[in-house]
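S.K.: So that we are looking at the same thing, I have put the structure below in structure tokens.
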Amino acid sequence: RHSTGEMLRLSTHYNDTEFSHGSAGADISADGRYIVFISRSNNLVHSDNNNAKDIFIYDMHDRTLSVMECSHPDFINRGSCHGPTISNNGELIAYSAVPDKTNFNDNSHIYLWDKQTGTSKRITPKRMPRGMIKYSSSATISDDGKFITYVATASDGIPEIFRYDVEA
């Protein structure tokens, strides 16, 4: 038996006008309260005026949309964020980012955003045993929020899987 369900459009402008750019890369917390996605739209929330791909967090309980600007000391010229994933409790968001959106040869890394501190830290090293990291993606967070797995590709072009211990 199927129910009709409810569909709610989340990536809309704060006053219900059309957004300026599309959205993608959605993920949802285990209880369904938080939904994260990326968008380059600068008119989804009042506080977003950087014209860069940011991560947005929709709170289903409060029916609010907020922006988690991709920021870290590594970032020059506003980094570009991709592939957000949210922990089951909504406290952590892992994402990949290219720190310099003006340098197409720049390496992407995995970052971890902590809701409690409101800050991000890079969790991928700059180098792997086989060379510099060129591309990192596909981050996932374990159910208990203690581990993050991701794919990283070195300069030799061979991808590898890594696990990061959040509490170590």
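S.K.: Compute the distance in nm between two label points, each set 7 Å from the Cα along the Cα-to-Cβ direction, one at Thr64 and one at Glu91.
M.R.: So the two model labels end up 2.0 nm from each other.
S.K.: Let me ask something else. What list of ³J(HN,Hα) couplings, whole Hz, do you get for the stretch 147-154 from phi and the Karplus terms 6.51, -1.76, 1.60, once you set θ to phi - 60° and write x for glycine and proline?
M.R.: Result, rounded to whole Hz: 9, 10, 10, 7, 9, 10, 10, 7.
S.K.: Something else: Can you compute the modelled spin-label distance between Asp165 and Val45, with each label point 7 Å from Cα toward Cβ, in nm?
M.R.: Computed distance between label sites Asp165 and Val45 equals 3.3 nm.
S.K.: Could you give the accessible area per residue of the stretch 115-168, probe 1.4 Å, as a whole number in Å²?
M.R.: Using a 1.4 Å probe on heavy atoms only, each residue of the stretch 115-168 averages 62 Å².
The values are calculated or read from the model by the stated rules, or taken from the named source; none is laboratory data. A quick note: this is a predicted structure, and the numbers were derived from the prediction, not measured. A quick note on method: Cβ atoms are made from the backbone with ideal geometry, for glycine too, and the neighbour counts reach across all protein chains shown. For the accessible areas, the whole protein counts, side chains as well, though only heavy atoms, and no ligand, DNA or RNA atoms are used. Shrake-Rupley method; radii C 1.70, N 1.55, O 1.52, S 1.80 Å.
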